1. Quickly run through region 93-112 and pick out the residues that are under 20 Å from the mean Cα position of the chain (by Cα) and assigned to a loop (DSSP other than H, G, I, E, B).
2. Would you mind telling me which numbered condition in (1) more than 18 Å from residue 246 (Cα to Cα); (2) at pLDDT 95 or above; (3) surrounded by 15 or more Cβ atoms within 10 Å (Cβ to Cβ) residue 396 fails?
3. For region 167-273, list the helices (runs of 4 or more DSSP H) that sit wholly inside it and hold at least 2 residues that are modelled with pLDDT under 95 and among the polar types (S, T, N, Q); which are they?
4. So residue 282 fits all but one of (1) over 21 Å from residue 369 (Cβ atoms); (2) outside any helix (DSSP H, G or I); what number is the exception?
5. Does residue 190 count as within 21 Å of residue 258 (Cβ to Cβ), out of contact with any Leu (no Cβ under 7 Å at 6 or more places or on another chain) and crowded, with 20+ Cβ neighbours inside 10 Å?
6. In region 92-104, what count of residues is obtained for those that are surrounded by fewer than 22 Cβ atoms within 10 Å (Cβ to Cβ) and within 15 Å of residue 22 (Cα to Cα)?
7. If you go through region 134-156 one residue at a time, do you hit one that is part of a strand (DSSP E or B), closer than 22 Å to residue 248 by Cβ and not assigned by TED's automatic domain parsing to the domain that holds residue 262?
8. Restricting the search to region 145-167, which residues are within 23 Å of residue 484 (Cα to Cα), surrounded by 24 or more Cβ atoms within 10 Å (Cβ to Cβ) and hydrophobic (A, V, I, L, M, F, W, C)?
Amino acid sequence: RVLDRAPEFLPVMDIFGKPDYLDLPDTFYKHTLPTPVKNPELAAFNIDLAKSFGLSENWGKTHLQTLAGNTNPKNAYPIAMAYCGHQFGHFAGVLGDGRAILIGQAQDTDGRTHDIQLKGAGQTPYSRRGDGRATLGAVLRECLTSEAMAGLGIATTRSLAAIRTGEPVFRERVEPGAILVRTARSHIRVGTFEYAARLDAGDAVQDLTRYMIEHHFTDIKNTPTPERALLARVIKQQAHLIAQWMGVGFIHGVMNTDNMSIVGETIDYGPCAFLDTYQHDKVFSSIDHHGRYAYNNQASIALWNLTRFAETLLPVLAPAPKDAVKIAQTELGKFALQFSRAYTRIFAQKFGIDPQAATTPDFITTALQMLQDEGLDFTLFFHRLSLIACGESRTLFLDMFPQQETGEMWLKLWQRAKSKSAATMQSANPVYIARNHQVERAIQAAESGDLSVFTRLMRAFATPFTANAEFDDLQIPPRPEEEVTQTFCGT
């Protein structure tokens with residue numbers, strides 16, 4: 001339901017404040033009400049996340065109708081946001097929130113502001129030919145993966161709740177519908193800046209840049225060149241984020257510019273997946289036919305996206321175009337070293353070796369090639385290596401190798417290089433990740449009405465670095481018949 005202006009009176013909930021996006025010109029969004037659903041049911045409620053907003057355990061049930069989009073928060077100004085995007089390297093024009101509606105913002109107990117968005121809440125002015133809805137499978141996948149990433153200490157959007165709508169969604173098959181209640185520090189993307197750069201109004205990029213600095217990068221506000229500082233900060237954050245992805249074997253799967261957050265959060269979990277067996281050029285997404293977004297290509301794609309971001313900032317970086325280009329090139333030129341340092345530091349922690357040693361980059365490269373040659377599970381390899389560092393038996397580690405002699409030889413090399421404590425290694429090597437086959441199993445069970453598998457995974461992912469006998473089976477890689485070979489967007 002599209003409105004000409006913000007609604008004057010929307011009763012019910014009062015924890016959500018007026019979105020600061022309304023400080024931007026209304027060309028950046030459309031006032032849009034969620035489309036009500038027939039029979040909403042709370043499928044999942046993230047109690048720990050709710051508590052960070054000062055909410056009670058029962059808050060989700062009490063406000064179910066609002067989370068389903070059937071009623072609206074008091075003083076709310078629900079909007080769908082506009083943005084453009086390059087998809088698989090090609091400019092796709094105006095995209096925007098085709099099935100997501102921002103219903104407000106809330107402060108956490110530390111005073112930080114977070115967007116509250118309903119994903120799958122119905123059609124918006126940006127839906128194009130879409131129905132504006134989401135499937136239960138896609139919603140639960142994002143819940144599991146985003147919360148797994150949060151548990152791993154990686155910046156991400158969060159999942160506050162999952163709501164069954166009681167309505168079917170028609171995709172390749174008929175699936176149960178659902179709404180994801182998503183939180184984010186911001187939903188501004190590289191694609192939002194691409195949208196601003198293409199508006200007729202010449203001040204749109206300046207407006208958006210000032211907005212981001214005022215609300216999300218306040219520490220650079222009074223620097224001599226805040227616009228340049230913004231570019232530098234976004235580049236640095238993305239370099240660190242992608243290195244973190246690599247460190248846990250995460251493959252985003254669809255790194256289009258509309259899926260890259262300006263505040264450095266992982267956003268839009270579509271055909272994402274985690275590595276099982278290590279393969280440096282692994283692709284899971286069914287639509288990534290040429291491996292553009294492969295595991296080992298994520299850093300170069302991040303730089304490609306950041307270059308598109310820098311292009312939008314050229315009018316505000318310097319009065320003279322040639323000076324602006326030089327500034328952009330200088331800042332973009334820092335990405336490779338920033339990523340390399342972060343990547344080396346993360347993998348050095350995983351291996352328990354000195355990140356500053358001259359031999360460390362070669363050790364990492366050679367060791368990862370060994371993982372690939374031997375067909376070893378990425379997460380289990382590092383976890384069991386950590387156990388050896390803790391003084392436990394080598395048996396489980398060596399059992400992973402087709403030929404134990406290979407493992408013995410490699411361990412001798414590792415022991416000569418090792419310099420860090422077992423605690424350092426354990427803090428870098430999770431016991432549990434959102435393994436693809438386990439996520440699929442949880443979704444299939446939920447579609448049949450059983451949420452116990454989903455709930456169990458959510459509990460394990462909350463503390464992924466701590467082994468718990470209750471979750472021993474979640475460490476185990478998939479059997480050949482369980483392996484997930486392709487993932488799908490779910491849109």
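The values are calculated or read from the model by the stated rules, or taken from the named source; none is laboratory data. Owing to the predicted nature of the structure, the values given are computational and were not obtained by experimental measurement. Every residue, glycine as well, gets a Cβ built from its backbone with ideal geometry; the counts of neighbours run over all protein chains shown.
1. Answer for region 93-112, where residues must be under 20 Å from the mean Cα position of the chain (by Cα) and assigned to a loop (DSSP other than H, G, I, E, B): 95, 96, 97, 98, 99, 108, 112.
2. Here residue 396 clears every test but (3).
3. On the way: elements: 190-197, 204-215, 226-248.
Fully inside region 167-273 and qualifying: nothing.
4. (1)
5. On the way: within 21 Å of residue 258 (Cβ to Cβ): yes; out of contact with any Leu (no Cβ under 7 Å at 6 or more places or on another chain): yes; crowded, with 20+ Cβ neighbours inside 10 Å: yes.
Here the answer is yes, as residue 190 does meet what is asked.
6. Counting residues in region 92-104 that are surrounded by fewer than 22 Cβ atoms within 10 Å (Cβ to Cβ) and within 15 Å of residue 22 (Cα to Cα) gives 0.
7. Narrowing region 134-156 to residues part of a strand (DSSP E or B): 134-135, 156.
So of that shortlist, the ones also closer than 22 Å to residue 248 by Cβ come out as 156.
So of that shortlist, the ones also not assigned by TED's automatic domain parsing to the domain that holds residue 262 come out as 156.
Within region 134-156, one or more residues are part of a strand (DSSP E or B), closer than 22 Å to residue 248 by Cβ and not assigned by TED's automatic domain parsing to the domain that holds residue 262.
8. Within region 145-167, 148, 149 meet the criteria.
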